1. When every alpha-carbon pair in the range 1-52 is counted, what percent end up more than 16 Å apart?
2. Is it possible to state the helix-based mean residue ellipticity at 222 nm for the chain, with each DSSP H run of 4+ residues giving -39500 (n - 2.57), the sum divided by total residues, to the nearest 500 deg cm²/dmol? What is it?
3. What are the equivalent ellipsoid semi-axes of the chain, built from the alpha-carbon gyration tensor (square roots of five times its eigenvalues), in whole angstrom, biggest first?
4. Considering only protein heavy atoms, what per residue accessible area in square angstrom results for the chain with a 1.4 angstrom probe?
5. Please give the solvent-accessible surface of R70 in Å², to the nearest 10, using a probe radius of 1.4 Å with every protein chain present.
6. Would you mind checking the tilt of helix 131-162 against the longest principal axis of the Cα atoms of the chain, expressed as 0 to 90 degrees and rounded to 10?
Amino acid sequence: MFCCCMSLKCGIIFIGIILIIDFFLECLNLYFIAENPYFDSIYPTIFAIILIPLAVVCGFFFYWFCKDSRESRKLLPIGLIIGAIAELALFIWIIVYICFIYQPKSVYVNKWDKQEYSDDSDGSHYQKQSKATYIFNHALSPLFGALLYWTSYCIVRDWEKRHANQDRSYG
């Protein structure tokens, strides 16, 4: 049983869907980082490079979703390790950039609700945020992703070994 509530195969499908959603949310985050004129170009560049392995892992899961075979199942544990490492690298990169490279004392982030901030006299679409708040808001997701993918790796590795001699996996 996966999380005491579903079959292992269903749980692995769930992890794959979470991973794909996480990848698309990180791509959206990358877009907003790249559009922010207050960040140096190195921040979104390294961010994008770190996301490349996550795209590959999404490909592994799509391959397994489309064709459940011995070959596709062998890629899942490897993919989860790659995903955990990429998420951990993203976590570290956010902390390193904001703490050591980003020079201003506050981080400028996009204002989501323009009406809420309509009383600003400068008309800017950005608001100040402390570095600690920015790190808390943006680095926790990759850290949780790394922990999730690492623990899932342990489960998927055993599941893959149990089904190594089968053409299709069950349960």
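1. Counting every Cα pair in the range 1-52, those more than 16 Å apart make up 54 percent.
2. Helix contribution divided over all residues of the chain: -23500 deg cm²/dmol.
3. Values: eigenvalues 291, 47, 36 Å².
For the chain, the semi-axes come out at 38, 15, 13 Å.
4. 56 Å²
5. 90 Å²
6. Computed tilt is about 10 degrees.
The values are calculated or read from the model by the stated rules, or taken from the named source; none is laboratory data. What you see is a predicted model, and the numbers here were worked out from it, not measured in a lab. Keep in mind that these areas ignore ligands, DNA and RNA; they rest on the heavy atoms of the full protein, side chains included. Shrake-Rupley method; radii C 1.70, N 1.55, O 1.52, S 1.80 Å.
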